[in-house]
Structure formats: C-alpha cells, structure tokens
Amino acid sequence: MIDTVELAAKSPDDEQPWAELGLKSDEYDRIKSILGRRPTTAELAMYSVMWSEHCSYKSSKVHLRQFGDLPHSDALLVGIGENAGVVDVGDGYAVTFKVESHNHPSYVEPYQGAATGVGGIVRDILTMGARPIAVMDSLRFGRADAPDTARVLPGVVAGVGGYGNCLGLPNIGGELLFDDCYAGNPLVNALCVGVMRHEDVRLAKAEGLGNKVILFGARTGGDGIGGVSVLASETFDEHGPAKRPSVQVGDPFTEKLLIEACLEIFAADLVTGIQDLGGAGLSCATSELASAGTGGMHVDLDTVPLRDSTLTPAEILMSESQERMCAIVEPAKVDAFLAVCRKWDVLATVIGEVTDGDRLTVDWHGERIVDVPPRTVAHEGPVYERPMTRPADLDALQADDAARLPRPSTGAELQAHWLAVVSSPDGADKTWVTEQYDRYVRGNTVLAQPEDAGVVRIDEQSHRGIALALDGNARYARLDPYAGAQLNLAEAYRNVAVSGAKPLAVTNCLNFGSPEEPEVMWQFAEAVRGLADGCRELGLPVTGGNVSLYNQTGDVPINPTPVIGVLGVHEDVRRRIPGGWRADGETVLLLGETRAEFGGSAWASVVHGHLGGKPPVVDLAAERRLGELLAGLPGLVSSAHDLADGGLAQTLAESALRYGVGARLHLDGDLFTALFSESAARAVVTTGDSDAVRTAAAAAGVPVTELGTTGGDTLTVDGLLELGITELRAAWSATLPALFGAPEIAVGSVPAGTVPTS
Amino acid sequence: MRIGVLTFPGSLDDVDAARAVRLAGGEPVALWHADHDLKDVDAVILPGGFSYGDYLRAGAIAARAPLMQDVVARANDGMPVLGICNGFQVLCEAGLLPGALTRNSHLHFRNRDQVLTVERSDTAWTGDYATGQRIVIPVKNGEGRYVAADADLDRLEGEGRVVFRYTDGNPNGSSRDIAGVTSENGRVVGLMPHPEHAVEDLTGPSTDGLGFFTSVLKAAVAA
C-alpha cells in the first residue's frame, strides 16, 4: 500500500515514525503546517534527511553567517552556499576547493567510510564545473596504541588511498594526529581542489520550463539510507544497534568515468544546471536544484535505475548510493548528453522535468507521493539558536599552566625530550601512510607531504600553480576555541606562505561534539567567531566549509577540532621553496619571535600527558608580516619550514631528515624555551646570503635569529647535545610501522579493512 | 614521430605519458580503446591507471578491448609497445609479455621513489641507457608483484629478457626483483615503475625516465 498525497490528506491522524527518522516533535509539526496535512511516507523521508543537522546546518547557521559578512574579496568568484566556493587565481583560471568530513561512517566501516568521503568531496568539486586535480586528508584517531585505532586507522588510510588512487588524483598532504578524545569518534576530513576557466563555472539550479532532469552514474541501491540523519547527526553509544547499513559503498572506477563524462558534457555546454548526489541522495539533489531555480520540478520515480527492485519509494529518495549526479538539460541537448554518457559507459536516465509553478512533485506507480514546496525542504529548514555556556572546567584548565611542568635541564634530558617529541605518533614520520597514496599522477605535483604545503602546477606553459595546507590543532582549541581557530588559520596560512605562495582564500571543516550540549555550542560559536575575525584581519575570504557535529562518545565530546584549509597562488611554481635542507654550509635563520609558550604544546602532551594553560598568543599582524617577507624570499632562501607542534625541535629534525643534511647550531637564552616553545608566526629558513635575508626581514619588521650552519651528519647544539641523523631517523621512522605493522612483516596477517573489497 | 597513448576507461597516467613523449621530442597521439584505429602511430604506450577498476584481474578486461587486437597484431610485426604499471598488466594479460602481476606481498598500495638497475639497453625503449645503469623513478601500485613459474623465470633470465630489476629494496615482493621484462624481439617492454613521472626536475624525483621516450624515437626510425 503506497502512502500517497491523497491518502495523507484523508488520514491526518496516522502515526508516523518521525522520531526514528531523527526529527523532533516541533519539526514534525512544522512539516504538517507547511503542507497543510501530514506528510506522506516519502515526504517525511525527504524532510527528515534534509532537515538533519548534516544537511540543514540548523544549529550552526546562525554562527556561520559571520563568514558571509566578511568584507568583499575580488578573488571570490562564487561564495558560500554553492557546492564549493570558487576563487580567481589569475590568468583566467578559477580554483574551487573544499574540505568535508566523513567521520561517523569511517568509524562504522573504516575502508568504505573513508573512501566514500573522498568520493563525495570530489563530486562537489566536479559539480562546480572544475576538473579535480588533487586531494588531501586530515585524520584524527584515538591513542595510537589503542586496539581500536589498529582497527580503524589502516582501513581509513587504505580507503582514502584506494579511492583517490583509482580516480587518478594525487594526494598532496594532510594531517595525522592522535588523541584519546577521538577513540570512539575518529575524524576523517577530505579535501579536494579543482581547476577550471572562469567562464566554465557551473551552478546547481533547475531552470527552463520543460528542461529534462537526468540522473546519471551508478544505479540506486539500498546503501547509505539515512546516512546523514542516522549517522552524521547522532551520537554513538555502546549499546546502540550496528549502523553498518547506513554506510555507503564506493566504486571509484564509476566515479572516474563520471568525472570524464561530466567534463566532456561541460565542454560541449550540454547542461543548464548540475548537482551531485551525496548526503540525502535524490531528496537533496532534486529539492536543491528546484529550490535554487525559478520553476518547479516533477520526477517520475519509477524511472530511477535500481540495484534492488524491492526498494520502497522513500528508500529510493533517501539512498546515498555513491557515484551519481543529476543534471538539468535542454530537450534539444538530451541526445548529445546521453551520447557522451554512452561513450564513457555511464548509465543516464531522464527521470523528470522542470515544471511551471513552485512545487516539487514525485510520482510512483502513477500516484503522487510527494508534493512539496522545494525551498521548505532544501533551504528553509529549521534554524536553532542553541543555548551556549562557557565550559565549567575551562578556568581550571587554563589555570593549569604548562609552564609549571618539570623541564629538562641537562643535555641528556633535552636530547631525550627532543627524541620523544619527534618520535611520538604525532611527530613521527608519516611515510607509512603517505606511501599508500599516489602523489605523482597527473604529473603536476610540485610539493607534497612531508612538505608544509602541497603545491600543484595548473599551467605547464606559464608555470602558474596553487598551494594548499590543512591544519587543525585541537589542543589549542580545547584551551581556547577562539584563539585555537585563529592559530589553525595562522598555521595553514604560514604553511602556504613558506612554500613561497601568496595566501588567497580559506575553507574549513568544523568538527565538534553535540550542539545540544551548551558547552559544545559555546566552543563552536567561539571557534567560528575566531575564524571570522582572523580572516578579516588577514584579508582572506571564507569560500565555504563543512560542519560536523555530534562527534562524541556517550556524553564526552571530542576536543573542538576546527580544521582550516588555506589556498595560495604561485605565479611561477618553479620558484617554490621546499622545506628540507639540501646543501652544506648554508646559514640557518629563525624568523619571528620566541616567547615562553607551552600551553597545549606537543612537549607538554608527549612528555607529561598534560593539557592545560593558554595556547600561544595569536598575532596575525606578525603572521602577515612573515608571510609577506617569505613571498619576497624565493631565490634568496633554499629552504623554509614553519614552526608549529613541537616547536623548533620538530622543525629542525624534519628539515635535517628530509635529505639527511645536519647542522651545527648555537641557541642563545633558555634552551628549553628555544626548542619546545610553540610561539606562532615563526619559520626556519636556510640561505647562502644571510645579509640579504636580514635586510629583507628588517624591512618587513620580522625579527631574525641566526641559529647556525647546515652540514654534517648530526644535529649539534654547541656545548650541549649532538643528535646523529641516523639515530634521529631510526627513532622518527620506526613509530608508525611499529604500531601498524611493517608491511614486509605483515604478510599473512591482514588488518581488517585493508584489502579493498571491490 | 607519432607515439600513441591508449586510453581505456579508468586509465590515469595517459596525460603523463603524452607529456613525456612531448618532452622527448615526439608527437603524442591519443588512442581510444573502443576504436579499431591506430592512427598511423609508430609506437604505442599503454599507460598506468586502473582500467575497468582492476575488476576481475588488473588488466584482464582491457586486454580484450577492440584496439588491443590491433596493438597485438602490430606488436607481432615489430611495432614498439611500452606497458607501464597497469599497461604492463594489460600486456601480460594480452599474452604479449610472460608472467603475471599479483597483489603486493605486503598487501598495501605503495608509492615510493625506486632505484632500478637497467639490465638490457638494447630494447626499443632502453637504447639511451647503459647496461648496469642505476636510475630512480617512482613506483606506485597495489598489484605489482611479478610472478611466473620457476622454470619460466629461469628461461626468461637465460634469454636475457629481464630489462629492469629493483635495487636497494623490492617494493612489492616481485620474484627475483624483476621490475620489467621484454618480448623475445626486444620491441615490447613492460614495467611496473613509472618513467613518465620522472621527466621533469620540478615534478619528479629525477629526469631518469626521459630515456624511455627518447629511446623509442630512434628505435622506431630504425625499424
């Protein structure tokens, strides 16, 4: 028995499972008042997924408006609200980039959760009209030695790699960090960046009466039903049911064909509007296209190609089967559109058309099962001003100053702490992960992990390129979410700047706990305010972003984790600055000012298991001065590496380990502070012409400290310690293989999820 | 000199192979798997990627593509053919090269800069190298472990058909460190590592890969 619009009007008192679908009672009442009757089963399904936290941003919207209120930027071609923002990078090129979370699915099914996270963000970029050119990933797991981390991490890494590698997108960088707070709720944030010409930008809207609605790509199956409402907008608990059916299954080969087909369709100008099917599937694509357009839309659901003929209409509307897109095509162009799809073996079906009026209607077996105003589904969902409270423990946490922790004093102690930080899971060599990612495909990768920023060439003639960095220190954000968000922004900005690029625009993925907890909501609001204020001060637009809430286990939220992405432009990628030391006899200079700042530091965390005090001071004016100085240094410096987690100790080790070139250093003042402080707005550069760098730094107002000279096979601090590069490398590179298996030894014991199922 | 680069559904490194041909001074010509049209090319490259998603077996479906019939026929007449990574898998599946590529012994996809020793400098694709020369080019695969029966391996070694050997570490567990092999006439070469990713200082670990593409320009002339 199909629940039709006609039936719904006649049976107003039928019980409906709105609570099971994740709706609140007042939300259900609002749907009834919009429709003037109870919703049909299919309508209820659509509203439930589209009004989920994941799709509607109902708790975050009131705060995110601050990003839209930032001053106008000439670089911004398309702003917040579309699938991804678009930025002018010069010479007629436009770049679109965005980072999105797939946290909850990755915990339930690590390989497929992570894989489809990559697939989803790639389709967002494709939808804008761009060719996707690279991906990045920002990952968080529970303690590195926790048993469940051994279950989740290998699967996530294999999933990110499996999908991106098969799409032919180089992975150019990211983050891998561990903390107990992610034990039951890992974070998998994936970024994609794409390039197009200015005139090729596409938008998601359905226009033109009589234009056809074409669904193309994979068939619709029963996977991922309710993914956004059941998974992404709820908290896991120990006793809940297994939620595996809510996770989608990816097929990167189909997505690769979809990419090539779409680009050919765009080039031939065959679509008037396009939208990918991600969270909330057809419900989202049809209602968003119709809502953004001028008319209505009618869909005949019987025409949707299915993998499983037993699916109900509500399930078809909610399914999150991957690798699907929806296009609006003029009738005269339908044949050409279908021909391109045939060439690429992509299934394409006309499922409806753009109609007069302002309703979205859906028929099934000849009966009307959906008749709604699309704006109420897609853009006019509930908006909440959630209550906010400053966390009760924050004063005590900030008062617990890391400066009071016992410090190393002798050379031997300093050396031990240095090795501990560098070989900690957060500080250690990430090759175990990045070897599983293709960084070479497409042949335009100029810099990739372990460099501070990924750099990709976008024009082989002019050598124009882009730089991207993703950063999200959650310890700082836990101690002070406003400052923490700004420090993450500053670090990503700095990472792009040390590559020699000019920072241009910002994206973000805001991972927080439950918005229904006032303390979490306060953290979220503070982080957004901090990021908006920071972007204003740096003169950068926010091009879009993603919010992931309900990241908690039981009633314990994760540390607030605002992951910030900064995009920069290289007018000539041949002038990029790499991060490692390569030549002997160069002068090592520290740019910026070091203060005694240990709150939230890697040292306090690794050596003392401590999180307390205040994070480093934010000085965005100093960041900007440093960035502008670095932009003028290509040609003068042969390497540049920023200082962040682990301070100078980490940066010196990474610079030396990159090519196995050591240095003799003399550090003035308090050695502990010099090595382990995490003061922001600093970078280490090496140069053959230190006078010229000093002159430029003086003009820019950036303090310079000479640290020593590169060369030899040790990192030597005069009169105190001598770390052999070999010893350092052994410690640094052993950590992840020891935890997750040295691949050569692992033959015969396959960690769950590492073998692609496809 | 026209060098064809064959694109299958799921080919990924076709743009890279075309670039390498161009940088070497050749003219890259795009070939489409479904056409019976080799467009008068003098040699063919089967690029890396995941043709047909590696479904069934890596390279198995692509080896049966319409244009592969033409490639096999021309290869048997001496046209130079290079298979890189997935292209190598396709050549083995198509019977142009012996052996098979199976899942890496450690079961991970692995991407690293790899040292290779050139064992043969008299094939169509290696004339610009010296026998015994060491080169560094990227390797990246999940199913790159070269296997064959021991007797076949002995025969291949005896016939001098091992063109490249992994050196300073075997990235995937390949038998006898074999990274690449050639046909009896030395015109068809397949290898797992990616010379097309080592043709520019800016983007590669070296420019050691360029020699493949300069070599074939001379070999195709000589043919």
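The values are calculated or read from the model by the stated rules, or taken from the named source; none is laboratory data. Just so you know, these numbers come straight off a predicted model, no measurement behind them. With ideal geometry, Cβ positions are generated from the backbone for all residues, glycine too; neighbour counts draw on all protein chains shown.
Could you check the stretch B:103-113 and list, in sequence order, the residues that are in a loop (DSSP other than H, G, I, E, B) and among the charged types (D, E, K, R)?
Within the stretch B:103-113, just B:103 meets the criteria.
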How many residues of the stretch A:22-35 are touching a helix residue (DSSP H, G or I) at 6+ places or on another chain (Cβ under 9 Å) and farther than 21 Å from residue A:286 by Cβ? The answer is 1
Just checking, how many residues over the stretch A:8-54 are in a loop (DSSP other than H, G, I, E, B) and of a type in the set (Gly, Ala, Ser)? 5
Mind listing just one residue for me: the one in the stretch B:2-30 that is more than 19 Å from residue A:260 (Cβ to Cβ) and surrounded by fewer than 23 Cβ atoms within 10 Å (Cβ to Cβ) and, of those, farthest from the other protein chains (Cβ to nearest Cβ)? B:2
Tally time: how many residues in the stretch A:588-625 are of a type in the set (Val, Ile, Thr) and surrounded by fewer than 19 Cβ atoms within 10 Å (Cβ to Cβ)? 1
Select from the stretch A:1-36 the residues that are surrounded by 13 or more Cβ atoms within 10 Å (Cβ to Cβ) and more than 18 Å from residue A:313 (Cβ to Cβ) and list them in ascending order. A:22, A:23, A:24, A:27, A:28, A:30, A:32, A:34
The lone condition residue A:609 fails out of (1) within 26 Å of residue A:428 (Cα to Cα); (2) touching a residue at least 40 places away in the same chain (Cβ under 8 Å) is (2)
Given the conditions (1) closer than 23 Å to residue A:200 by Cβ; (2) out of contact with any helix residue (DSSP H, G or I) (no Cβ under 8 Å at 6 or more places or on another chain); (3) more than 14 Å from every other protein chain (Cβ to nearest Cβ), every one holds for residue A:308 apart from (1)
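Matching residues to (1) out of contact with any strand residue (DSSP E or B) (no Cβ under 9 Å at 6 or more places or on another chain); (2) crowded, with 16+ Cβ neighbours inside 10 Å; (3) within 29 Å of residue B:23 (Cα to Cα); (4) away from chain A (no Cβ under 14 Å):
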| residue | (1), (2), (3), (4) |
| --- | --- |
| B:169 | no, no, no, no |
| B:178 | no, yes, yes, yes |
| B:195 | no, yes, yes, no |
| B:203 | no, yes, yes, no |
Residues to consider are A:133, A:121; find the one that is aliphatic (A, V, I, L, M) and either at pLDDT below 95 or in a helix (DSSP H, G or I) (or both). A:121
Condition test on residue B:71, is it among the β-branched types (Val, Ile, Thr), under 27 Å from residue A:430 (Cβ atoms) and more than 14 Å from chain A (Cβ to nearest Cβ)? no
So for the stretch B:31-48 (the condition being of a type outside the set (S, T, N, Q), closer than 24 Å to residue B:141 by Cβ, away from chain A (no Cβ under 14 Å) and part of a helix (DSSP H, G or I)), does at least one residue qualify? no
Scanning the stretch B:180-193 for residues that are surrounded by fewer than 24 Cβ atoms within 10 Å (Cβ to Cβ) and under 14 Å from residue B:46 (Cβ atoms) gives B:183
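Yes/no matrix, rows are residues, columns are (1) over 15 Å from residue B:195 (Cα atoms); (2) of a type in the set (D, E, K, R); (3) in a helix (DSSP H, G or I):
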{"position": "B:127", "(1), (2), (3)": "no, no, no"}
{"position": "B:131", "(1), (2), (3)": "yes, no, no"}
{"position": "B:139", "(1), (2), (3)": "no, no, no"}
{"position": "B:151", "(1), (2), (3)": "yes, no, yes"}
{"position": "B:154", "(1), (2), (3)": "yes, yes, yes"}
{"position": "B:160", "(1), (2), (3)": "yes, no, no"}
{"position": "B:173", "(1), (2), (3)": "yes, no, no"}
{"position": "B:176", "(1), (2), (3)": "yes, yes, yes"}
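Can residue B:116 be described as among the hydrophobic types (A, V, I, L, M, F, W, C), away from chain A (no Cβ under 13 Å), outside any loop (DSSP other than H, G, I, E, B) and closer than 22 Å to residue A:439 by Cα? Step through it out loud before you land on a result.
Numbers: among the hydrophobic types (A, V, I, L, M, F, W, C): yes; away from chain A (no Cβ under 13 Å): yes; outside any loop (DSSP other than H, G, I, E, B): yes; closer than 22 Å to residue A:439 by Cα: yes.
Considered against the rule, which asks whether it is among the hydrophobic types (A, V, I, L, M, F, W, C), away from chain A (no Cβ under 13 Å), outside any loop (DSSP other than H, G, I, E, B) and closer than 22 Å to residue A:439 by Cα, residue B:116 comes out as yes.
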The helices (runs of 4 or more DSSP H) lying entirely within the stretch A:420-520 that contain at least 3 residues which are outside the structural domain of residue A:170 (by TED's automatic domain parsing), buried (at least 24 other Cβ atoms within 10 Å of the Cβ) and not charged (D, E, K, R) are A:474-479, A:481-498
Within the bounds of the stretch A:183-199, is there any residue that is among the polar types (S, T, N, Q), surrounded by fewer than 24 Cβ atoms within 10 Å (Cβ to Cβ) and away from chain B (no Cβ under 14 Å)? no
Please specify each residue of the stretch A:227-281 satisfying the condition of being aromatic (Phe, Trp, Tyr) and modelled with pLDDT of 60 or more. A:253, A:266
Might you let me know whether the stretch A:568-581 holds any residue that is more than 22 Å from residue A:503 (Cβ to Cβ) and more than 14 Å from chain B (Cβ to nearest Cβ)? yes
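Which ones in the stretch B:178-192 are of a type outside the set (A, V, I, L, M, F, W, C), touching a residue at least 40 places away in the same chain (Cβ under 8 Å) and in a loop (DSSP other than H, G, I, E, B)?
Of everything in the stretch B:178-192, those that are of a type outside the set (A, V, I, L, M, F, W, C), touching a residue at least 40 places away in the same chain (Cβ under 8 Å) and in a loop (DSSP other than H, G, I, E, B) turn out to be B:183, B:185, B:186, B:187.
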Here's a check for you: in the stretch A:644-685, which residue that is among the basic types (Lys, Arg) and in contact (Cβ under 8 Å) with a residue 60 or more places away in the chain is nearest to residue A:586 (Cα to Cα)? A:658
Just checking, does the stretch A:721-735 include any residue being within 14 Å of chain B (Cβ to nearest Cβ) and either out of contact with any helix residue (DSSP H, G or I) (no Cβ under 7 Å at 6 or more places or on another chain) or at pLDDT 95 or above (or both)? yes
Looking at A:580, A:534, A:565 in this structure, which one is surrounded by fewer than 24 Cβ atoms within 10 Å (Cβ to Cβ) and on the phi < 0 side of the Ramachandran plot? A:580
Out of the residues in the stretch B:74-106 that are surrounded by fewer than 24 Cβ atoms within 10 Å (Cβ to Cβ) and within 14 Å of chain A (Cβ to nearest Cβ), which is modelled with the lowest pLDDT? B:106
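Conditions tested, residue by residue: (1) out of contact with any helix residue (DSSP H, G or I) (no Cβ under 7 Å at 6 or more places or on another chain); (2) over 30 Å from residue A:687 (Cβ atoms); (3) outside any loop (DSSP other than H, G, I, E, B).
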{"residue": "A:546", "(1), (2), (3)": "yes, yes, yes"}
{"residue": "A:583", "(1), (2), (3)": "yes, no, no"}
{"residue": "A:607", "(1), (2), (3)": "no, yes, yes"}
{"residue": "A:613", "(1), (2), (3)": "no, yes, no"}
Only one of A:409, A:319 is touching a residue at least 24 places away in the same chain (Cβ under 8 Å) and not assigned by TED's automatic domain parsing to the domain that holds residue A:298. Can you tell me which? A:409
